[in-house]
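Engineer: Quick one: structure below, then a few questions.
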Amino acid sequence: MLFQEYTSHIQTFIPKAIYGVLRLDERLSLRLEERLDEKEKEKMSLYKGGSLFIFGLPIDSEALWFWNHLNGKRYLTANHILESIIVSLAEMFPASHIQSLDRISNHKIAQVVLAEMAGLGTRGWNNVLLHPEHGAYIQLTTIVTKDVFLDINYGRPMDKDVCIKCGRCVDACPVNALSPTDFFAFRCSSVVASPEKIKSKAVAVTSDSYVECRACIDSCPIGLNIEKLYEWKK
Ligand code: SF4
Ligand code: SF4
């Protein structure tokens with residue numbers, strides 16, 4: 001019933017949320033620790049034997065992927081929603097010591113790796129998680145909890161690749177950051193955000209908000225075809 005309590009609460013905010021759960025056994029704990037410094041390891045050690053609970057917000061509205069500047073910081077609307085849910089879950093289950101994995105690990109553990117391990121999808125040539133129904137239009141987050149979910153089977157990687165290797169993302173990328181075998185992060189990061197820079201492929205929405213380049217996602221035939229900002233602006 002515990003798993004259902006978590007998911008019911010999340011569904012009050014995100015009716016079509018997707019979920020995956022991993023047991024924080026010795027093997028996974030050691031694997032995660034490899035990426036952490038001593039302070040981060042100490043925080044993670046509290047959760048050994050507990051669980052990682054991954055959930056995702058399907059992006060069915062352009063507004064969810066707006067980046068906003070506020071008080072010198074920037075945040076993604078979808079992440080703001082996910083973080084609010086984590087706070088409310090932590091309040092609901094105080095004994096579980098629920099925390100955002102990103103906060104504990106300082107974003108050192110890739111969500112896509114955990115989501116793949118939990119069977120939520122597979123990594124596409126566009127270097128992001130492809131979910132069978134929503135494609136890359138998913139914003140993921142992971143929480144650590146002391147809870148053990150006895151009422152469900154923990155996740156396992158999918159047997160079949162979701163990516164059909166059509167190569168559209170590789171062709172669409174304006175800076176050749178993708179190939180069937182590699183992701184050249186420095187090329188992507190030089191144009192993905194900062195719409196005020198001349199070479200940037202991001203699109204400004206207001207003086208304080210923008211959408212990142214995502215030609216590699218929009219060109220992918222897997223999943224949703226959301227309403228595009230540029231289309232309703234015309
Ligand atoms: S976000 Fe843009 S620049 Fe980065 S890999 Fe995708 S298409 Fe290329
Ligand atoms: S566009 Fe084609 S190759 Fe690229 S991630 Fe999507 S399915 Fe895979």
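Laboratory data are not the source of any read-out in this text; all were calculated from the coordinates shown. No experiment lies behind these values; they were computed from the predicted model shown. No Cβ is skipped: glycine too gets one built from the backbone with ideal geometry, and neighbour counts run over all protein chains shown.
Engineer: Treat each spin label as a single point 7 Å out from the Cα along the C-beta direction, and report the ASP151 to ASP37 distance in nm.
Structural biologist: Modelled inter-label distance: 4.0 nm.
Engineer: With +1 on each Lys and Arg Cβ and -1 on each Asp and Glu Cβ, and nothing else charged, work out how big the dipole of the chain is about its Cα centre, in Debye to the nearest 20.
Structural biologist: Roughly 540 debye for the chain.
Engineer: Here is a follow-up. Once you have the Cα-Cα distance between CYS166 and VAL113, take 0.36 nm times their residue separation minus that, and quote the gain in nm to one decimal. Intermediate results must be reported in sequence, preceding the final value.
Structural biologist: Details: separation 53, 0.36 × 53 = 19.08 nm, distance 2.19 nm.
Value of the extension gain: 16.9 nm.
Engineer: GluC sites (Glu not before Pro) within the range 125-222: which are DSSP loop residues with at most 15 other Cβ atoms inside 10 Å? Walk me through the intermediate numbers first.
Structural biologist: Numbers: sites: GLU133, GLU196, GLU212; in loops: GLU133, GLU196, GLU212.
Counting only loop positions with at most 15 other Cβ atoms within 10 Å, the GluC sites (Glu not before Pro) in the range 125-222 are GLU133, GLU196.
Engineer: For the pair THR181 and HIS97, how long in nm is the line joining their label points, each one 7 Å along Cα→Cβ?
Structural biologist: 4.4
Engineer: Whole-Hz Karplus ³J(HN,Hα) for the range 193-206, in order, using 6.51 cos²θ - 1.76 cosθ + 1.60 and θ = phi - 60°, x for Gly and Pro?
Structural biologist: Rounded to whole hertz, the list is 10, 6, x, 6, 7, 4, 7, 4, 9, 6, 10, 6, 9, 9.
Engineer: Take the residue pairs LYS73/LYS197; LYS41/LYS146; LYS39/LYS108; LYS108/LYS199; LYS165/LYS201; LYS43/LYS108 and return only those whose Cα atoms are more than 20 Å apart.
Structural biologist: As for pairs spanning more than 20 Å Cα to Cα, those are LYS108/LYS199; LYS165/LYS201.
Engineer: Amide H neighbours of GLN139 under 5 Å, at least 5 residues apart or on other chains, H built in the peptide plane: list them.
Structural biologist: Long-range HN contacts for GLN139: LEU57, ILE59.
Engineer: Name the residue farthest towards the positive end of the dipole of the chain from the options CYS216, ILE86, LEU64, assuming +1 on Cβ of Lys and Arg, -1 on Cβ of Asp and Glu, about the Cα centre.
Structural biologist: With unit charges placed on the Cβ atoms, the residue in question is CYS216.
Engineer: Can you tell me how much longer the chain between HIS80 and LEU2 gets when fully stretched, taken as 0.36 nm per residue apart minus their C-alpha distance, in nm with one decimal? Let's see the in-between values first.
Structural biologist: On the way: separation 78, 0.36 × 78 = 28.08 nm, distance 2.47 nm.
Taking HIS80 through LEU2 to full extension adds about 25.6 nm, to one decimal.
Engineer: Taking the alpha-carbon centroid of each part, what is the distance from the range 173-225 to the range 126-151 in angstrom?
Structural biologist: First find each Cα centre; the distance between them is then 22 Å.
Engineer: Among PHE13, PHE55, rank each residue by its count of other Cβ atoms within 10 Å, from fewest to most, as a rough exposure measure. Intermediate results must be reported in sequence, preceding the final value.
Structural biologist: Values: PHE13 13, PHE55 26.
So the residues, fewest neighbours to most, are PHE13, PHE55.
Engineer: Sticking with this structure for a sec: Could you pull out which residues in the range 115-157 have an amide N less than 12 Å from a spot 7 Å beyond the Cα of LEU46, following the Cα-Cβ vector?
Structural biologist: Residues 144-146 fall inside that zone.
Engineer: Can you give the FRET efficiency for ASP25 and SER88, using 1/(1 + (r/R0)^6), R0 = 41 Å, r = Cβ-Cβ distance, to the nearest 0.05?
Structural biologist: Step by step, r from the Cβ atoms, then E = 0.90.
Engineer: A follow-up question, please. What's the ranking of 117-123, 69-75, 92-98 by average number of surrounding C-beta atoms within 10 Å, highest first?
Structural biologist: Descending packing order for the listed peptides: 117-123, 92-98, 69-75.
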